[in-house]
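The values are calculated or read from the model by the stated rules, or taken from the named source; none is laboratory data. Computed from a predicted structure; not experimentally measured. Every residue, glycine as well, gets a Cβ built from its backbone with ideal geometry; the counts of neighbours run over all protein chains shown. Only protein heavy atoms, including side chains, enter the accessible area calculation; ligands, DNA and RNA are left aside. Shrake-Rupley method; radii C 1.70, N 1.55, O 1.52, S 1.80 Å.
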Amino acid sequence: MIAYVSVGLLALLSLSIPVGIVLFLLGFGVDTFFSPFPLIKGLGQMVWSSSNSATLIAIPFFVLLGEILVRSGVAARTYEALDRWVSWLPGGLVHANVATSTMFSAISGSSVATAATVATVAMPQAERLGYDPKLFSGAIAAGGTLGIMIPPSINLIVYGFLTQSSIPQLFLAGLLPGILLAVGFIVITVIICLVRPDLGGERRIFPLSQMLGALVHLLPIIFLFTMIIGTIYKGWATPTEAAAVGVAVAFVIAGFASGISFKMISDSLLGTIKVTSMIMLVVIGASFLNFTLSSAGLGRELKEFLEGLGLSPLAFILVVVMIYVVLGFFIETLSLMVVTIPIIVPLVVAQGYDPIWFGILMIVLIEMALITPPVGLNLYVVQGARKSGKMSDVMIGSIPFVCVMLIMAAALIAFPQLALYLPGALN
């Protein structure tokens, strides 16, 4: 059964069939060939139960929030402001890519949205100032991955929903590793540009008056992040309610920034519908597939296989890491999460690991999947924004940042408190 699901998933994805449809087709196949019971009769109930959750309402709210900020020009002004503060480092404007991605991640919740926003704003600057296209585009693709680590994160919401974990604790657990990843991206860029100064472009130093004046454009993002996270941890709102508060505040910010027009609202709503529909189709399809797999005994089969290896807890988690790294080459990230979580997480918890900690480790590995070919979504997003050059440039430029993510994964395994300290301190 494991071989059927693995080969079937890769084969159907290679035919460019939408991921959500692939998951339903695999579920039908498991029902037909591996189950003695007519599991398809439970399809209606599975579709309803997997989508009838107040927690999932946060997803369209966070997507809409990001759409509003992109279309109101707030993201572009944030990029220009951070350019004033970080372009003096070796690597110049490359650091603005990482810094802007970090700030936008703090209110977007989506890696693809973050990468698309920064790429749209930054790419014209790269061409005008003569930056190396590999490193510059790779930094944008990698920086965009922070959208699913730094809270609020759509992927962490999905993880919390599937594992019945505390979403506020997951948000808090992802904050420190997310910041450390951003710092790691900046450090690796500095090292590369010290060795090869020609890759980084011109280092620019702005007058102090311009740097201080640029801080005004960072205030909306900081205020929005404070409102979203603050209302959650003060106990004033659930993550879903905080997302709604964020949308309201984003509308106010957009009104002051550039005014609110009918076109901006309609475009934002249309973009939200498209992204949310894709996410929910994947979640519902994965729920049905997980139902058929568990009913057909895959969970028991996989558990017996892993337990039969006789691995220590550390060796077990290293095997899980290797599985996610390999699967990340071929499977879209959200699909990878929702397909594997119901099977892998119970086994990890049985080994004595904390589910909050494992959620953050999984997100790091999912981030790697976003910038590793052939299915790395952020690579295609950045290449689409470039509108010229070879796809291989973006792939090569992402390699140093993949190394940083591997180091972060190793650090989380060696020092679990990197993820658990802040949730523990809050408790």
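Would you mind telling me which numbered condition in (1) in contact (Cβ under 8 Å) with a residue 24 or more places away in the chain; (2) open to solvent by 60 Å² or more (accessible area, probe 1.4 Å) Pro239 fails?
So the condition that Pro239 fails would be (2).
What pairs come up if the first residue lies in the stretch 149-177 and is over 17 Å from Thr231 (Cα atoms) and touching a residue at least 60 places away in the same chain (Cβ under 8 Å), the second is buried (at least 24 other Cβ atoms within 10 Å of the Cβ) and among the aromatic types (Phe, Trp, Tyr), and their beta carbons are under 8 Å apart, counting only those six or more places apart or on different chains?
Final answer for the pair search is Ile154/Phe62; Leu156/Phe171; Ser165/Tyr159.
Out of (1) modelled with pLDDT of 85 or more; (2) in contact with a helix residue (DSSP H, G or I) (Cβ under 6 Å, 6 or more places away or on another chain); (3) surrounded by fewer than 19 Cβ atoms within 10 Å (Cβ to Cβ), what's the single condition that is false for Leu281?
With (1) modelled with pLDDT of 85 or more; (2) in contact with a helix residue (DSSP H, G or I) (Cβ under 6 Å, 6 or more places away or on another chain); (3) surrounded by fewer than 19 Cβ atoms within 10 Å (Cβ to Cβ) applied to Leu281, the lone miss is (1).
With (1) modelled with pLDDT of 85 or more; (2) within 26 Å of Ile360 (Cβ to Cβ) as the list, and Leu379 as the residue in question, which single condition is left unmet?
The single condition Leu379 does not satisfy is (1).
Can you tell me which residue among Gly109, Gly174 is buried (at least 22 other Cβ atoms within 10 Å of the Cβ) and modelled with pLDDT of 90 or more?
Gly174
Residue check, Ala116 against (1) small (Gly, Ala, Ser); (2) closer than 27 Å to Gly246 by Cα; (3) open to solvent by less than 30 Å² (accessible area, probe 1.4 Å), all met but one. Which one?
Going through the list (1) small (Gly, Ala, Ser); (2) closer than 27 Å to Gly246 by Cα; (3) open to solvent by less than 30 Å² (accessible area, probe 1.4 Å), Ala116 breaks only (3).
Pairs, please: C-beta under 8 Å, at least 6 apart or cross-chain, first residue without any contact (Cβ under 8 Å) to a residue 24 or more places away in the chain and within 16 Å of Ile191 (Cβ to Cβ) and in the stretch 385-406, second open to solvent by 50 Å² or more (accessible area, probe 1.4 Å) and not aliphatic (A, V, I, L, M)?
Between residues of the stretch 385-406 that are without any contact (Cβ under 8 Å) to a residue 24 or more places away in the chain and within 16 Å of Ile191 (Cβ to Cβ) and residues that are open to solvent by 50 Å² or more (accessible area, probe 1.4 Å) and not aliphatic (A, V, I, L, M), there is no close pair.
Out of Leu426, Leu377, I need the residue that is touching a residue at least 60 places away in the same chain (Cβ under 8 Å), open to solvent by 50 Å² or more (accessible area, probe 1.4 Å) and within 22 Å of Thr114 (Cα to Cα). Which one?
Leu377
Given the conditions (1) part of a helix (DSSP H, G or I); (2) open to solvent by 30 Å² or more (accessible area, probe 1.4 Å); (3) closer than 22 Å to Ala75 by Cα, report the number of the one that Phe206 does not fulfil.
In the conditions (1) part of a helix (DSSP H, G or I); (2) open to solvent by 30 Å² or more (accessible area, probe 1.4 Å); (3) closer than 22 Å to Ala75 by Cα, Phe206 misses (1) alone.
Which numbered condition in (1) under 30 Å from Tyr131 (Cβ atoms); (2) modelled with pLDDT under 95; (3) touching a Gly at 6+ places or on another chain (Cβ under 9 Å); (4) open to solvent by 40 Å² or more (accessible area, probe 1.4 Å) is the only one that Pro346 fails?
For Pro346, the failing item is (1).
Can Thr292 be described as crowded, with 21+ Cβ neighbours inside 10 Å and within 30 Å of Lys234 (Cα to Cα)?
No; evaluated as a whole, the condition is false for this residue.
If a residue has to be within 21 Å of Tyr159 (Cα to Cα) and among the β-branched types (Val, Ile, Thr) to count, how many in the stretch 53-101 make the cut?
Residues meeting the conditions: 4.
Report every pair of residues separated by at least 6 positions or lying on different chains whose Cβ atoms are under 6 Å apart, first residue within the stretch 188-199 and touching a residue at least 60 places away in the same chain (Cβ under 8 Å) and over 18 Å from Ala99 (Cβ atoms), second in a loop (DSSP other than H, G, I, E, B) and of a type in the set (Gly, Ala, Ser).
From the stretch 188-199, no pairs qualify.
Please find, among Leu146, Leu162, Leu135, Leu156, the residue that is at pLDDT 80 or above and open to solvent by 40 Å² or more (accessible area, probe 1.4 Å).
Leu162
What residue, among those in the stretch 323-343 that are open to solvent by 10 Å² or more (accessible area, probe 1.4 Å) and either of a type in the set (S, T, N, Q) or over 27 Å from Leu15 (Cα atoms) (or both), is nearest to the chain's Cα centre (by Cα)?
Among those that are open to solvent by 10 Å² or more (accessible area, probe 1.4 Å) and either of a type in the set (S, T, N, Q) or over 27 Å from Leu15 (Cα atoms) (or both), it is Thr333.
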